[in-house]
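Inspection log for the structure reproduced underneath, given as structure tokens.
The values are calculated or read from the model by the stated rules, or taken from the named source; none is laboratory data. Just so we're clear, the structure is a prediction, and the values are computed from it rather than from any experiment. Here Cβ is always computed from backbone atoms with ideal geometry, including for glycine, and neighbour counts include all displayed protein chains. The protein model used for the area step is the full one, side chains on, heavy atoms only, and it has no ligands, DNA or RNA in it. Shrake-Rupley method; radii C 1.70, N 1.55, O 1.52, S 1.80 Å.
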Amino acid sequence: TTGKVALDIGFVNTASCTSAITYIDGDAGILRYRGYPIEQLAEGSSFLEVTYLLIYGELPTADQLGEFDQRIRRHTLLHEDLKQFFNGFPRDAHPMPVLSSAVSALSTFYQDSLDPFDEEQVEISTLRLIAKLPTIAAYAYKKSVGQPFLYPDNSLGIVENFLRMTFGFPAEPYDVDPDLAKALDMLFVLHADHEQNCSTSTVRLVGSSHANLFASVSAGINALFGPLHGGANQSVLEMLESIRADGGDIPRFVERVKSKEPGVKLMGFGHRVYKNYDPRAAIVKSTADTVLDKLGGNNELLDLARQLEEIALNDEFFIQRKLYPNVDFYTGLIYQAMGFPTRMFTVLFALGRLPGWIAQWREMIADPSTKIGRPRQIYTGETARDYVPVDER
Ligand code: SDX
């Protein structure tokens, strides 16, 4: 060989860190936040309550939840100078880089409260981020459609306020559809945390250098933007639209996937951990019908998605590789029915995942033994060799 050392490496399945926040059993399709099954939280809890649970470790009493809610509502406004920030982006900017830039910029407005080891500063940064990310996300959308920004209305909760700032107009009243808010709240619960996925590991790794919460979460947003991670919900809709444009020829598309045509994957299928049905996908699928009926969604694409799933789940190629629908397979259809453009789908994923990023960052800062250590590598490059001056090469 060229001096490279060929290493016969056994696959060592080592945990990257310890954490007490979320438990996943990929083979059994189990997901629990702080011990509570996702099915029960999706059914009976709320995004605000799950945010509290993930960050503080216990379900809140009614008084604790009320106080948490009020403290968040007081921080929904952006600094007027930060609002100017959005004017610097091109009209067709994708909202995800806008989101990560604005979150990173938050650390320039709150320089007196960035110390990861000062509990009060961590608390105020937590509240600011939970309260302001929906405002930033709504403004990223308004920028992309050339509409005026709406100030937050603090008589509304997190989800309702986000919907009003996104779809409301200054010129007319906007009443948030309770079915829409309930469906989005449940989707945010399903996305709230997911152990050491790519974006959460990014938040932990950046935070392990003692970078502040805003800088760490901004890095997580960038990781989530990747089409193999959070960007998949946008890719699923584009995949379904392309199948429909091809006369709904699902078998032809499946053959393209199986032949491993470059760039052709069954988006919304497969998972690094779940080698069974993603429990979140099951919940979204079970509600998709009712939600789309209520919101007047694209049932044609939903039917296409269901046929595609049925074919894939009975095809040896996918069965052998343990490829099942993941959380992204059906969510895009619901987001579309809610009126969001596909470019906002990953922003919605970020809004849902924020509590998990914050909880995991706080856990790692509070207990350094839980941090992801500095990764090492298995070197496969050249062995040692002497420098050769340029006139001798
Ligand atoms: C999320 O980590 C998390 O928890 C993430 C997430 C979260 O909540 O944070 O759950 C959110 O990111 C969900 C995943 C969204 N991404 C997609 O839907 C994109 C499509 N999926 C794939 O890119 C893929 O399934 C991954 C990256 C998600 C997972 O890859 P794996 O399980 O590590 O599988 P692999 O890449 O090692 O592939 C194993 C085999 C390969 O074929 P062979 O080489 O064995 O012949 O399966 C094939 C792959 O080519 N394969 C697929 C496929 N996924 C894997 N083939 C077609 N379509 C797919 N979707």
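Across all Cα atoms of the range 129-288, the radius of gyration (one decimal) and Dmax (whole number) stand at 18.8, 54 Å. Directionally averaged projected area (the range 283-393, Cα convex hull): 15.1 nm².
The simple Förster model, with R0 at 41 Å and r as the Cβ-Cβ distance, assigns ALA28 and VAL390 a FRET efficiency of 0.10. Per residue of the chain, the DSSP helices (runs of n ≥ 4 H) give a summed -39500 (n - 2.57) that works out to -17500 deg cm²/dmol at 222 nm.
Kirkwood radius for the range 44-95, taken over all pairs of different Cα atoms as the inverse mean of 1/r, rounds to 13.7 Å.
The gain in end-to-end length when the GLU67 to GLU80 segment is fully stretched comes to 2.0 nm, 0.36 nm per residue minus the alpha carbon separation. The mean sequence distance of close C-alpha pairs (under 8 Å, at least 6 residues apart), as a share of the length of the chain, puts its relative contact order at 25 percent. Among the listed pairs LYS265/LYS371; LYS83/LYS371; LYS143/LYS371; LYS142/LYS182; LYS265/LYS285; LYS285/LYS322, a Cα-Cα separation exceeding 26 Å is found for LYS265/LYS371; LYS83/LYS371; LYS143/LYS371. Binning the alpha carbon pair distances of the range 221-343 at 5 angstrom intervals from zero yields the distribution 2, 11, 22, 26, 22, 12, 5, 1, expressed in whole percent. Element breakdown for the chain at a 1.4 angstrom probe: carbon and sulfur atoms account for 52% of the accessible area. Calculated accessible area for the chain comes out at 47 Å² per residue, all protein chains present (probe 1.4 Å; ligands, DNA, RNA ignored). Return the single residue from GLU120, GLU160, GLU363 with maximal mean-square fluctuation; model: Gaussian network over the chain, springs between Cα atoms under 10 Å. Judging by the Gaussian network model, the answer is GLU120. Normalised Debye scattering of the chain at q = 0.13, 0.14 Å⁻¹ gives log10 I(q)/I(0) of -1.12, -1.28, counting only Cα atoms as equal scatterers and leaving out solvent.
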